[in-house]
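Structure, as structure tokens:
The values are calculated or read from the model by the stated rules, or taken from the named source; none is laboratory data. Here the structure is a predicted model, which means the values were calculated and not measured. Backbone-built Cβ (ideal geometry, glycine too); neighbour counts: all protein chains shown. For the accessible areas, the whole protein counts, side chains as well, though only heavy atoms, and no ligand, DNA or RNA atoms are used. Shrake-Rupley method; radii C 1.70, N 1.55, O 1.52, S 1.80 Å.
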Amino acid sequence: MAPLWPKQMLSTTTFEDLGANRPRMSVEWAPYNASPEEQAFFDGARDGITGGWSGSFDHLAAYLKTAKP
């Protein structure tokens, strides 16, 4: 882990029922008790974090379309 990565993180996962067997899962991360330097480091990494999570969920969605029940 990078030296300036916040030592504590608050992670919130939310599940929504969109109907018609269409769930939505949202994940939010936020530094907790972070120094200003740690907060700035996290903010600078936000685009990469979002891209990583989005890419992972895109792969999962593609897999689930091919999986047999």
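Take the range 19-33 and flag every residue that is open to solvent by 70 Å² or more (accessible area, probe 1.4 Å) and within 30 Å of Leu64 (Cβ to Cβ).
Ala20, Asn21, Arg22, Pro23, Arg24, Met25, Glu28, Trp29
Can you pull out the residues in the range 34-58 that are surrounded by fewer than 10 Cβ atoms within 10 Å (Cβ to Cβ) and not small (Gly, Ala, Ser)?
Pro36, Asp47
Condition first: in a strand (DSSP E or B) and in contact with a Ser or Thr (Cβ under 6 Å, 6 or more places away or on another chain). Can you find one or more residues in the range 17-27 that meet it?
Yes: the range 17-27 contains one or more residues that are in a strand (DSSP E or B) and in contact with a Ser or Thr (Cβ under 6 Å, 6 or more places away or on another chain).
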